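Visitor: Once you've had a glance at the structure underneath, I'll fire off some questions.
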Amino acid sequence: MDIGLTADVHSHILPGVDDGSPDFEHSVAILTKLKDLGVRRFTLTPHVSISMFPNTSPDLRDRFDRLLAQLPEDLAKLSYHLGSEYMVDEAFSGIEDRLCYPDGHILIEMSYYERSREIKEAVFNLQMDGLKPILAHPERYVFYQKVFDRKKGVPELKTLCEMGCALQLNVMSLTGAYGERSMGIIRWLLENDMYSYIGTDVHASGQIDHFREFQISEKEMEKVRQLARNNESLFES
């Protein structure tokens, strides 16, 4: 099934900065595969975290410019934007130069295994700064999977949405790669229209080969296609 993804809002294509693409050649391979799937707009969102990937905005901008300058002609004519995926940790509130989407959204995440104690405060403060937070891949967080209830879902995710935090689904998650509870969260969030966007979160070209092996119904797929259409709005300044 095709989700109609033309604008990717979450990827780790910028080479040599995190656990994504290791070099220019691999970045080209990823971009080529996504182009062949119909993606024409790309937001590159390298990790920023104090403990693992202490990237700075000036360095990321420099690497981004160098990547674009080297792209082959067929890829260079596509649209690119630089963002970041910010870990909500003890250093997050001190970052002043933040890389956001053109429309003012900003991508945040937590550790997969431990909930960030600062998450609600971060969501509130970002909005006070005039930014619009997007929480990446809520279906992948193990601590949410542990408390997931088929009827109640995950109460904190509902609270975050009510606070004004958008949620972003990963394409790879739709394949069932992260287990039954992850799929349960996906179905609950889709049913309750709590996702706003979808991204590849691609780290390696081989992942893309599995992007059509979805474990959801056609009804759920139509909601996923709407998320893909929503992505376009993030590029509007």
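Visitor: For residue 187, all conditions in the list (1) at pLDDT below 95; (2) farther than 30 Å from residue 22 by Cα hold save one; what is the number of the exception?
Guide: For residue 187, the exception is condition (1).
Visitor: Moving to a separate point now. Just checking, how many residues over segment 192-237 are in contact with a helix residue (DSSP H, G or I) (Cβ under 8 Å, 6 or more places away or on another chain), acidic (Asp, Glu) and assigned to a helix (DSSP H, G or I)?
Guide: Residues in segment 192-237 being in contact with a helix residue (DSSP H, G or I) (Cβ under 8 Å, 6 or more places away or on another chain), acidic (Asp, Glu) and assigned to a helix (DSSP H, G or I): 1 in total.
Visitor: Out of the residues in segment 190-223 meeting the condition of being of a type in the set (Lys, Arg) and exposed (fewer than 14 other Cβ atoms within 10 Å of the Cβ), tell me which one is modelled with the highest pLDDT.
Guide: Restricting to residues being of a type in the set (Lys, Arg) and exposed (fewer than 14 other Cβ atoms within 10 Å of the Cβ), the top hit is 219.
Visitor: Could you check, for segment 161-170, whether at least one of its residues is surrounded by 15 or more Cβ atoms within 10 Å (Cβ to Cβ), over 14 Å from the mean Cα position of the chain (by Cα) and either within 20 Å of residue 88 (Cβ to Cβ) or among the acidic types (Asp, Glu) (or both)? Show your work before the answer.
Guide: Taking segment 161-170 first, the residues surrounded by 15 or more Cβ atoms within 10 Å (Cβ to Cβ) are 161, 165-170.
Okay, now just the ones that are also over 14 Å from the mean Cα position of the chain (by Cα), so 161.
This time we only want the ones that are either within 20 Å of residue 88 (Cβ to Cβ) or among the acidic types (Asp, Glu) (or both), so: 161.
Within segment 161-170, one or more residues are surrounded by 15 or more Cβ atoms within 10 Å (Cβ to Cβ), over 14 Å from the mean Cα position of the chain (by Cα) and either within 20 Å of residue 88 (Cβ to Cβ) or among the acidic types (Asp, Glu) (or both).
Visitor: Continuing with this model, one more query. What helices (runs of 4 or more DSSP H) lie completely within segment 109-180 and have 1 or more residues being out of contact with any helix residue (DSSP H, G or I) (no Cβ under 9 Å at 6 or more places or on another chain), modelled with pLDDT of 95 or more and not aliphatic (A, V, I, L, M)?
Guide: 142-147, 155-163
A quick yes/no check of all residues on (1) in contact with a Gly (Cβ under 8 Å, 6 or more places away or on another chain); (2) small (Gly, Ala, Ser):
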| site | (1), (2) |
| --- | --- |
| 136 | yes, yes |
| 141 | no, no |
| 166 | no, yes |
| 170 | yes, no |
| 204 | yes, yes |
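Visitor: Go through segment 21-73 and give me each residue that's of a type in the set (Asp, Glu) and farther than 23 Å from residue 95 by Cβ. Before you say what the answer is, go through the steps one by one.
Guide: Initially, segment 21-73 is screened for residues of a type in the set (Asp, Glu), giving 23, 25, 36, 59, 62, 65, 73.
Those that are of a type in the set (Asp, Glu) and farther than 23 Å from residue 95 by Cβ: 23, 25, 36, 73.
Visitor: Taking segment 102-114, which residues are more than 20 Å from residue 54 (Cα to Cα) and in contact with an Asp or Glu (Cβ under 9 Å, 6 or more places away or on another chain)?
Guide: Scanning segment 102-114 gives 102, 103.
Quick grid of which residues meet (1) without any contact (Cβ under 8 Å) to a residue 12 or more places away in the chain; (2) under 19 Å from residue 132 (Cβ atoms); (3) of a type outside the set (Asp, Glu):
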site	(1), (2), (3)
171	no, no, yes
190	no, no, yes
202	no, no, yes
205	no, no, yes
217	yes, no, yes
233	no, yes, yes
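Visitor: Would you say residue 175 is buried (at least 17 other Cβ atoms within 10 Å of the Cβ) and within 21 Å of residue 101 (Cβ to Cβ)?
Guide: Working: buried (at least 17 other Cβ atoms within 10 Å of the Cβ): yes; within 21 Å of residue 101 (Cβ to Cβ): no.
When the stated conditions are applied, residue 175 does not pass them.
The values are calculated or read from the model by the stated rules, or taken from the named source; none is laboratory data. All figures in this text were calculated on a predicted structure; none of them were measured in a lab. Please note: Cβ atoms are built from the backbone with ideal geometry, for glycine as well, and neighbour counts cover all protein chains shown.
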